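Please read the structure below before turning to the comments.
Here, each number is a calculation from the coordinates, and none is a lab measurement. Please read these numbers as outputs of a predicted model, since none were measured by experiment. Positions of Cβ are generated from backbone atoms using ideal geometry, with glycine treated the same way; all protein chains shown enter the neighbour counts.
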Ligand code: FA5
């Protein structure tokens with residue numbers, strides 16, 4: 001560096017410098033730069049100052065550009081640019097080596113990479129649609145626990161302990177922490193992952209606000225898995241408690257929902273059935289949208305079961321402290337996933353794909 005400073009101060013006094021000398025000084029600067037980096041253990045910042053700082057050789061030499069005769073300006077300008085580029089390249093190499101910059105380059109004008117935009121899961125979309133349809137009928141969505149005392153999941157629903165009907169629910173039981181306050185029945189201390197949304201019935205009645213028009217949508221859990229069962233699924237439970245409620249009202253609500261959700265072409269049927277918590281009870285089926293009622297791998301006989309329904313059993317009303325002299329009602333509980341699968345245009349023949357997390361499938365909806 002010294003030799004340049006010396007020559008610089010000599011030339012500065014005269015305020016002029018022969019063109020060839022300026023060019024050789026610039027070239028010498030370029031030649032010597034790598035050597036300077038290799039020889040010193042200067043930091044990136046020190047090198048940057050050395051190359052481009054106010055007191056750098058390059059800055060001083062650049063000042064002589066204005067004294068270069070007009071006819072030599074272009075030639076010297078080209079050399080000056082080459083020197084600058086060479087120093088910049090050395091400096092960015094030093095930056096990389098020092099870990100200051102680890103990208104090769106960044107083109108700020110290059111188009112960005114759009115992050116993939118997700119959407120609500122199809123089951124969530126179905127839940128929103130179901131909620132909207134029932135809202136139009138005056139049913140309000142409510143929430144009740146998805147991990148609950150078996151009092152609400154079974155006993156309060158007229159399904160006493162050891163009743164064989166409880167086996168059908170294939171329930172996951174949870175050991176409750178000693179000391180947690182028992183509810184309602186002394187000795188009844190099991191906690192369950194709710195196997196159906198019917199646990200919301202008595203919980204809703206206990207609020208003491210009449211009439212009731214609830215739609216309880218929640219996760220349910222059962223020890224089942226095959227083409228039409230998953231261990232975790234969703235149900236929506238309707239409950240209507242008022243004066244003089246009839247099966248006609250129930251049928252009207254079910255038909256309205258079936259038309260709004262599945263479309264006018266799908267057929268529904270109601271079969272007599274048995275549930276401990278409704279009397280009379282029904283099973284509600286809809287014609288299979290995959291085989292159009294002919295029978296296939298999913299439905300077997302052309303119909304797919306959506307869920308149960310019936311008039312609320314007086315024992316359940318009493319457990320919810322409803323005065324049965326004046327009030328009665330109906331309830332129904334259907335599977336959200338099954339409803340989605342049976343929806344017009346959806347050709348799903350295995351319920352498990354809904355929870356397979358395969359984006360190629362999910363992004364189609
Ligand atoms: C019940 O769970 C009753 N609580 C329904 C009810 C409510 C009846 C109110 C009367 C009054 P069921 O076990 O049939 O009923 O289940 C209802 C629906 O949940 C089924 O028809 C099906 O659509 C869905 N479902 C049940 N188990 C599964 C499962 N493992 N995977 C996916 N969907 C299921």
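Using C-alpha pairs below 8 Å separated by at least 6 residues, the relative contact order for the chain is 14 percent. Highest GNM mean-square fluctuation among 23, 147, 336, for the chain modelled with Cα contacts below 10 Å: 23. Relative protection proxy for 252-262, 74-84, 112-122, from highest mean packing down: 252-262, 74-84, 112-122 (other beta-carbon atoms within 10 angstrom).
Can you give me the C-alpha center-to-center distance between the range 46-98 and the range 301-319, rounded to a whole angstrom? If we compute the Cα centre of each part, the gap is 87 Å.
Shown here is the pair-distance distribution of the range 2-97: with all Cα-Cα distances grouped in 10 Å bins from zero up to the longest one, the shares run 15, 49, 28, 7, 0 percent. Just to confirm the number: angle between the C-alpha axis of helix 19-39 and the first principal axis of the chain, 0 to 90 degrees, nearest 10? Tilt relative to the chain: about 50 degrees. Only beta bridges with both residues in the chain are counted; by DSSP, about 95 percent of them are antiparallel.
Explain nothing, just the number: relative contact order of the range 2-97, from Cα pairs under 8 Å at least 6 residues apart, as a whole percent. About 40 percent, as a whole number. With the simple model of a label 7 Å out from the Cα in the direction of the Cβ, residue 21 to residue 274 spans 11.6 nm. Over all Cα atoms in the chain, the spread is summed up by Rg and Dmax: 39.9, 117 Å.
Distance between the modelled labels on residue 260 and residue 98, one decimal in nanometres: 6.8 nm (7 Å Cα→Cβ projection).
With the convex hull drawn around the C-alpha atoms of the range 234-322, the volume per residue stands at 112 Å³.
Against the main long axis of the alpha-carbon atoms of the chain, helix 2-14 sits at an angle near 60°.
The average projected area of the range 191-344, computed from the convex hull of its Cα atoms over all directions, is 9.2 nm². What is the spin-label model distance, in nm, from residue 244 to residue 140 if the labels are put 7 Å beyond Cα along the C-beta direction? Simple spin-label model gives 2.5 nm for this pair.
Determine, from the Cβ-Cβ distance of residue 78 and residue 49 and an R0 of 35 Å, the FRET efficiency 1/(1 + (r/R0)^6), rounded to the nearest 0.05. Mind dumping the intermediate values first?
On the way: r = 26 Å, r/R0 = 0.73.
FRET efficiency, residue 78 to residue 49: 0.85.
Our helix-only sum for the chain, with -39,500 (n - 2.57) per DSSP H run of n ≥ 4 divided by its residues, gives a mean residue ellipticity at 222 nm of -11000 deg cm²/dmol. Between 0 and 90 degrees, the angle of helix 122-136 with respect to the longest Cα principal axis of the chain falls at about 50 degrees.
Based only on the alpha carbon positions, what is the Kirkwood hydrodynamic radius of the range 246-294, in angstrom? If you can, show how the numbers build up before the last one.
Numbers: mean 1/r = 0.0837 Å⁻¹.
Mean inverse Cα-Cα distance, inverted, gives 11.9 Å.
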